[in-house]
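Step one of this worksheet: look at the structure below.
Rule-based calculations on the coordinates, nothing more; no lab input. Since the structure is predicted, the reported quantities are computational estimates derived from the model, not experimental observations. Cβ: placed from backbone, ideal geometry, glycine included. Neighbour counts: every protein chain shown.
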Amino acid sequence: MLVVMTQQATPEEIDAVVAAIEAKGYTARPIPGGERVAIGILNNKGAVDASHFLALPGVKEVIPVTRPYKLVSREFQPEDTVIQVNGVPIGNGHLTLIAGPCAVESEAQCLKTARAVKRSGAHLFRGGAFKPRTSPYSFQGLGEEGLKILAKVREATGMPVVTEALDTETFGLVETYTDVIQIGARNMQNFSLLRRAGQSHKPILLKRGLAATIEEWLMAAEYVLEAGNTQVILCERGVRTFAHHSRNTLDLSAVVVVCKESHLPVIVDPSHAAGRRDQVLPLSRAAVAVGAHGLMVEVHHNPKEALSDGAQSLYPEQFDKLCRQIQSIFDVFQPFHQ
Ligand code: PEP
Ligand code: MN
């Protein structure tokens, strides 16, 4: 249920509605919007009687919320959320590019790749310090040393950095070094990690799980918002299907649906979807055409030597080409997404 206030509603009237909701034992969540303030009613066990609130001063209407996810839905907030990462916007009207290697391997590797992707137009740098690997024998990442390297990259290039937090034990450490905290596909339904992310003041990049429905993905984002962090970026990275021609199947229809259902920014990771570099450029063009707010692409200065995901990592020259092509696509399609 959503209590929508009139445009002229005073702060005192809003406070009175919050108090009335809480008096019934529910949680009140005011949502300031461009046009009007609305107050979400959460934690109601059964149906809420709208008549309790309709008569209060300043109330315009009481709308039932039909979706199982509340805070992430357009029913709660019709306007797009735009997240600022150290001055870099992500969301409505912007095309934000995140690029870098799968894993942080060394300072030299990161600086070389970061300088190249920045020159081409990347806004944020990515690199895993804690890596979720299928095999325990594969490279697991440099841990804190990797986080220190990312901080040096930010200092040297001015690019904000994105890196993954694998568990609640290391979340705080990752949070102190990075600008955006990634929650990976395998952790999309790690509820304690989602709750911890909800306590953070830093934006969370939430990847879609390997076999997650859109509803499950949005409910995972709901955990983060419910715990207090409204800065969530959703990332479609392909789902598992019967296909053998790619590592996963990039589900671009999910981008279309999520943009309609949710006000949160949605970006696409074509690298983990494809698993091979020859598909990354065409998938990137398609992602921008359907309205993704950004891309996250794996790039390595020397993919043949990469310690993880070399086969899907672009050479810097390929990323440069990608940046030029997607800018043209964005310019053509942007008016259709307004
Ligand atoms: C990654 O981006 O480094 C990663 C491991 O991706 P995913 O969680 O989508 O597999
Ligand atoms: Mn990877």
Checklist entry - aspartates and glutamates within cross-link reach of Lys148: Cα-Cα under 13 Å, excluding same-chain residues under 8 positions apart? => result Glu105, Glu107, Glu175, Asp179
Item to check | For the range 256-302, with +1 on Lys and Arg beta carbons and -1 on Asp and Glu, the positive-most of Asn302, Val268, Gln279 along the dipole | outcome: Gln279
Checklist outcome for this item: Longest principal axis of the chain (C-alpha) makes with the long axis of helix 107-120 (C-alpha) an angle, in degrees to the nearest 10, of 70 degrees
Checklist entry - Most mobile of Thr230, Thr163, Thr27 per a Gaussian network model of the chain (Cα springs, under 10 Å)? => result Thr27
Item to check | Cβ crowding within 10 Å averaged over residues, with 242-254, 262-274, 42-54, 103-115 ranked highest first | outcome: 262-274, 103-115, 242-254, 42-54
Checklist entry - Normalised by the residues of the range 79-225, what does the relative contact order come to in percent, with Cα pairs under 8 Å and at least six apart? => result 17 percent
Next on the checklist: I need the P(r) histogram for the range 164-285: all alpha carbon pairs, bin width 5 Å from 0 out to the longest distance, whole percents.
Outcome noted: 2, 12, 22, 23, 18, 13, 8, 2, 0
Checklist entry - For the chain, modelled as a GNM with alpha-carbon contacts under 10 angstrom, which of Ile98, Ile39, Ile90 fluctuates the most? => result Ile39
Item to check | Lys, Arg +1 and Asp, Glu -1 on Cβ, resulting dipole of the range 48-93 about Cα centre, debye, nearest 20 | outcome: 80 debye
Next on the checklist: Going Cα to Cα from Lys321, which lysines come in below 29 Å? Please leave out same-chain ones fewer than 8 positions away.
Outcome noted: Lys112, Lys118, Lys131, Lys152, Lys207, Lys304
Checklist outcome for this item: Helix 252-261: inclination vs the chain longest Cα principal axis, degrees, rounded to 10, gives 30 degrees
Checklist entry - Taking the Cα centre of the chain as the origin, how large is its charge dipole in debye, to the nearest 20, when only Lys and Arg (+1) and Asp and Glu (-1) carry charge on their Cβ atoms? => result 840 debye
Next on the checklist: If I model a spin label as a point 7 Å beyond the Cα along the Cα-Cβ vector, how far apart are those points for Ala211 and Glu22 in nm?
Outcome noted: 4.4 nm
Item to check | Rough spin-label spacing in nm, given labels placed 7 Å along Cα→Cβ, for Lys112 and Lys152 | outcome: 1.4 nm
Next on the checklist: Order these by the 10 Å Cβ neighbour count, fewest first: Lys207, Lys24, Lys304.
Outcome noted: Lys304, Lys24, Lys207
Next on the checklist: Nearest 10 degrees is fine. How inclined is helix 280-290 to the longest principal axis of the chain, computing both from alpha carbons?
Outcome noted: 20 degrees
Next on the checklist: Going by Cα centres, the range 37-86 and the range 215-234 are how many Å apart?
Outcome noted: 15 Å
Checklist outcome for this item: Protection proxy (average C-beta count within 10 Å per residue), highest first, orders 179-189, 131-141 as 179-189, 131-141
Checklist entry - For the chain, what's the radius of gyration and Dmax over Cα atoms, in angstrom? => result 21.0, 68
Item to check | Dimensionless Rg ratio for the range 1-78, taking C-alpha atoms and the 2.2 N^0.38 Å reference | outcome: 0.98
Item to check | Within a Gaussian network of the chain (alpha carbon springs, distance under 10 Å), most fluctuating of Val72, Val18, Val255 | outcome: Val18
Checklist outcome for this item: Summing -39500 (n - 2.57) over every DSSP H run of at least 4 in the chain, dividing by its residue total and rounding to the nearest 500, the 222 nm mean residue ellipticity is -10500 deg cm²/dmol
Checklist outcome for this item: Taking the reciprocal of mean 1/r across every pair of different Cα atoms in the range 1-138, the Kirkwood radius in Å is 18.7 Å
